[in-house]
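A.B. asks: Dumping the structure here so I can ask a few things about it.
The values are calculated or read from the model by the stated rules, or taken from the named source; none is laboratory data. On a predicted model such as this, the values are computed, not experimentally measured, just so you know. Here Cβ is always computed from backbone atoms with ideal geometry, including for glycine, and neighbour counts include all displayed protein chains. Side chains included, ligands, DNA and RNA excluded: accessible areas come from the protein's heavy atoms. Shrake-Rupley method; radii C 1.70, N 1.55, O 1.52, S 1.80 Å.
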Amino acid sequence: MKKFNFFSKIIDYLSKLISARYLGKINSLVLLLTYRCNSHCKTCNIGKLIPDTSSELELEDYLKIFKFFRNTLHTINFTGGEPFLKKDVEEIISSAIMITKNTYTFVATNGLAPVKIYKKIKIILESIPRNKFLNIGVSIDGYGKLHDEIRGVKGNFNKVLHLLKLLSTLKTSFPNLKVNILTVLSKFNVGKLLKFYSFLNKHIDLYDSVLFTISLHISNYYKNSSTIIPKTKSAFIDEIDRFLYSNIKRNWFVDHFLNTVKRDLYSFKDFRKYPCKGGKNYIVIDPYGNVFPCLEMKRKILNIKKHTFLKIKRLNLRNEKCKACHYLICHYFDNLYFSPFKYITSRIFF
């Protein structure tokens, strides 16, 4: 059975790869559902925005998107802002799962409204078949008060813990629910995470995997104005090593990602490890329908309210001087996934 699963995954991967590389298909979407946010993170200024919610895409707009990419998507990432503040978020996410053939649906949340978020996730799970997985990413940047300070909301950690406990009660009835801990490594928590690691090891029943990403200056998305990587790169490397040498639950990809970040920091070079697939195999759509190649680039391809997706051109970004994408875990995976030799070797060695 294991051999069958292994070969079936290879066949599935190759079919997606062919459609992406040779038929020019978009296989992955990052959807910023809203810029509304009830967090006030030190690493991000989205929470300071006063978004124009009246101009946001509505359910009907998202249905058109999902129908257009019905046969090509393998990944959809829902983020924000806080996605669960979006009107009709349950219908948007469940429609994405039901209409498209994607195999990985991911929704990030700050967990600040645990009961409301729990109820909305339950509605989504009740509306999709058990063979369709829903991945929830709950943000935690440290233990207790450290997380509250970074996120700018008193009591945030306790609310997140409440949400994790609520979601754990759903997993008995919905084995297709996967709960991930999202941790952003920055100068605000580097060297301060030992209690957090202890918490993760003590509560392994509350989550399936931990995802580490690196906080950067990305003005187009996070609206921040300066880098939040520590000035001393050795402190960053030491923190990554502490995580890598721990027995915290995570999948192969997280280790691959962090080892790549480590090599960059050791070499003091910033360069793209894999060919950029932004605008070719994945795109980002903001709350107002603007389409971008990725979270970093400010180059707007089109607006879906004014244009058809047929006008999306396969962009040649080879000469673009973009340094951030290999530190963003979502784009890193897409760039790796559509680089077949490097993807296959990464699966062998990690």
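A.B. asks: If we scan the stretch 48-63, do we find a residue that is of a type outside the set (Asp, Glu), farther than 15 Å from Ile97 by Cβ, in contact with a Phe, Trp or Tyr (Cβ under 7 Å, 6 or more places away or on another chain) and at pLDDT below 90?
C.D. replies: Looking for residues that are of a type outside the set (Asp, Glu), farther than 15 Å from Ile97 by Cβ, in contact with a Phe, Trp or Tyr (Cβ under 7 Å, 6 or more places away or on another chain) and at pLDDT below 90, one finds at least one in the stretch 48-63, hence yes.
A.B. asks: Considering only residues that are of a type outside the set (Asp, Glu) and closer than 16 Å to Leu57 by Cβ, which ones fall in the stretch 85-106? First the steps, then the outcome.
C.D. replies: Filtering the stretch 85-106 for residues of a type outside the set (Asp, Glu) gives 85-87, 89, 92-106.
Those that are of a type outside the set (Asp, Glu) and closer than 16 Å to Leu57 by Cβ: Leu85, Lys86, Lys87, Val89, Ile92, Ile93, Ser95, Ala96, Ile99.
A.B. asks: Do we find that Ile117 is buried (at least 22 other Cβ atoms within 10 Å of the Cβ), more than 23 Å from Thr172 (Cβ to Cβ), under 19 Å from the mean Cα position of the chain (by Cα) and modelled with pLDDT of 95 or more in this structure?
C.D. replies: no
A.B. asks: Another question about this same structure. Restricted to the stretch 131-160, and to residues that are open to solvent by 30 Å² or more (accessible area, probe 1.4 Å), part of a helix (DSSP H, G or I) and touching a residue at least 24 places away in the same chain (Cβ under 8 Å), which residue is nearest to Tyr104 (Cα to Cα)?
C.D. replies: Filtering the stretch 131-160 for residues that are open to solvent by 30 Å² or more (accessible area, probe 1.4 Å), part of a helix (DSSP H, G or I) and touching a residue at least 24 places away in the same chain (Cβ under 8 Å), the one nearest to Tyr104 (Cα to Cα) comes out as Lys159.
A.B. asks: Kindly evaluate Ser186 against the criterion of being surrounded by fewer than 18 Cβ atoms within 10 Å (Cβ to Cβ) and small (Gly, Ala, Ser).
C.D. replies: Values: surrounded by fewer than 18 Cβ atoms within 10 Å (Cβ to Cβ): no; small (Gly, Ala, Ser): yes.
Answer is no for this residue.
A.B. asks: Pick out the one residue from Arg242, Arg250, Arg299 that is under 19 Å from Leu182 (Cβ atoms), at pLDDT 60 or above and part of a loop (DSSP other than H, G, I, E, B).
C.D. replies: That would be Arg250, the only listed residue that is under 19 Å from Leu182 (Cβ atoms), at pLDDT 60 or above and part of a loop (DSSP other than H, G, I, E, B).
A.B. asks: Please state which of the following conditions Gly80 fails to meet, knowing it meets all the rest: (1) out of contact with any Pro (no Cβ under 9 Å at 6 or more places or on another chain); (2) farther than 20 Å from Leu166 by Cβ.
C.D. replies: The failed condition is (1).
A.B. asks: Could you identify the single residue in Leu63, Leu57 that is in a loop (DSSP other than H, G, I, E, B) and of a type in the set (A, V, I, L, M)?
C.D. replies: Being in a loop (DSSP other than H, G, I, E, B) and of a type in the set (A, V, I, L, M) holds for just one of Leu63, Leu57, which is Leu57.
A.B. asks: Mind listing whichever residues of the stretch 78-101 are open to solvent by less than 10 Å² (accessible area, probe 1.4 Å) and either within 12 Å of Asn135 (Cβ to Cβ) or of a type in the set (A, V, I, L, M) (or both)?
C.D. replies: Phe78, Val89, Ile92, Ile93, Ala96, Ile97
A.B. asks: Further question: What are the pairs, 6+ residues apart or on separate chains, where a residue within the stretch 55-77 that is in contact (Cβ under 8 Å) with a residue 12 or more places away in the chain has its Cβ under 8 Å from a residue that is part of a strand (DSSP E or B) and open to solvent by 40 Å² or more (accessible area, probe 1.4 Å)?
C.D. replies: His74/Tyr104; Thr75/Tyr104; Ile76/Tyr104
A.B. asks: Now a separate question. Going through the stretch 262-296 one residue at a time, which ones are open to solvent by less than 30 Å² (accessible area, probe 1.4 Å) and modelled with pLDDT under 65?
C.D. replies: The one that is open to solvent by less than 30 Å² (accessible area, probe 1.4 Å) and modelled with pLDDT under 65: Tyr274.
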